[in-house]
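Heads up: the structure comes next, in structure tokens.
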Amino acid sequence: SWQYRSIHWDLFGFVLAAVSWLAPRNRLVWGASLAVTLVATCMLSYDVVLRCLITERPPIKNLYDTFLFIAATGSILGLVVELMMPRRIALAAAPFVGALLVMFGRMFEVTKGEDTMDPLVAVLDSNFWLATHVTSINLGYSAALFAAVLALGWLWIRVLRIATPSEPMAKALVRMVYGVTAFSLTFSVFGTILGGVWANDSWGRFWGWDPKENGALLICLSQVAMLHAHMCGLVRDLGQIVWAAATGMVVV
């Protein structure tokens with residue numbers, strides 16, 4: 001399948017990104033890694049689109065779809081970040097996230113042994129809410145997870161003593177984490193609000209304090225608090241990085 005092929009292209013893209021670290025001035029290797037990762041992302045995106053056409057539904061209908069959607073959008077976000085800030089960091093993170101999540105999705109498919117395009121239960125049978133609430137909130141989750149991966153990258157370069165907090169690479173990672181988190185917060189809040197409207201439409205109440213609603217609220221509050229604390233100087237680079245990584249655990 002296209003998603004299976006995308007894993008191999010993503011791994012190839014990651015290897016090329018690693019090679020580009022050894023030759024930071026070689027634009028050819030950088031461009032090759034970008035192109036290969038783009039090919040992998042297009043393959044995965046095509047697979048997601050095919051599933052939408054077959055089921056006549058928006059991209060996310062169950063947990064298996066969630067893996068594929070977050071893998072595709074996470075890879076796209078990584079490529080955009082790399083084009084905006086070409087530091088070869090997001091370039092490596094994008095194929096890594098894509099390949100890892102597709103592998104998780106395939107493992108989940110084998111473990112469950114169920115039809116991944118089975119009919120929806122009655123409460124989810126709404127293309128409008130699947131296309132608005134579910135898609136927007138998962139875009140927020142995807143960006144939050146990518147911010148967490150970037151944050152872990154910052155921690156690794158500190159543990160391995162590749163760069164000090166004051167060096168350009170570390171500073172670039174902090175700016176990436178901040179920007180991606182702000183992007184994530186926009187869709188997380190919007191998606192959470194739409195979820196409340198859907199709940200009111202289906203069950204007659206906007207908020208019921210169930211685990212999913214509480215989890216969505218925790219993500220929004222964590223991101224708002226992190227961005228506010230960084231803007232006010234209450235936390236510096238290390239505090240923001242650790243906070244973003246912890247928010248990634250909340251998303252998971």
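What the table below lists for this structure:
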| read-out | value |
| --- | --- |
| Within region 144-188, considering residues that are over 21 Å from Ile70 (Cβ atoms) and hydroxyl-bearing (Ser, Thr, Tyr), the one least open to solvent (accessible area, probe 1.4 Å) | Thr164 |
| Residue in region 14-25 that is aromatic (Phe, Trp, Tyr), within 19 Å of the chain's Cα centre (by Cα) and part of a helix (DSSP H, G or I) present | yes |
| Options Ala245, Ala225, Ala199; residue that is surrounded by 12 or more Cβ atoms within 10 Å (Cβ to Cβ), outside any loop (DSSP other than H, G, I, E, B), touching a Lys or Arg at 6+ places or on another chain (Cβ under 7 Å) and not hydroxyl-bearing (Ser, Thr, Tyr) | Ala199 |
| Close pairs from region 32-61: first without any contact (Cβ under 8 Å) to a residue 24 or more places away in the chain and at negative phi, partner assigned to a helix (DSSP H, G or I) and open to solvent by 20 Å² or more (accessible area, probe 1.4 Å), Cβ under 7 Å, at least 6 apart | Ala32/Leu16 |
| Hits in region 62-76 - residues which are in contact (Cβ under 8 Å) with a residue 60 or more places away in the chain and of a type in the set (S, T, N, Q) | Thr66, Thr73, Ser75 |
| Any hit, region 33-54, residues being farther than 22 Å from Leu145 by Cβ, outside any helix (DSSP H, G or I), open to solvent by 30 Å² or more (accessible area, probe 1.4 Å) and modelled with pLDDT under 95 | no |
| Among residues of region 62-95, those that are within 22 Å of Leu124 (Cα to Cα), buried (at least 19 other Cβ atoms within 10 Å of the Cβ) and of a type outside the set (S, T, N, Q), counted | 6 |
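The values are calculated or read from the model by the stated rules, or taken from the named source; none is laboratory data. Predicted model only: the values in this text are computed from it and were never measured. Here Cβ is always computed from backbone atoms with ideal geometry, including for glycine, and neighbour counts include all displayed protein chains. Remember, those area values only see protein heavy atoms, side chains included, never the ligands or the DNA or RNA. Shrake-Rupley method; radii C 1.70, N 1.55, O 1.52, S 1.80 Å.
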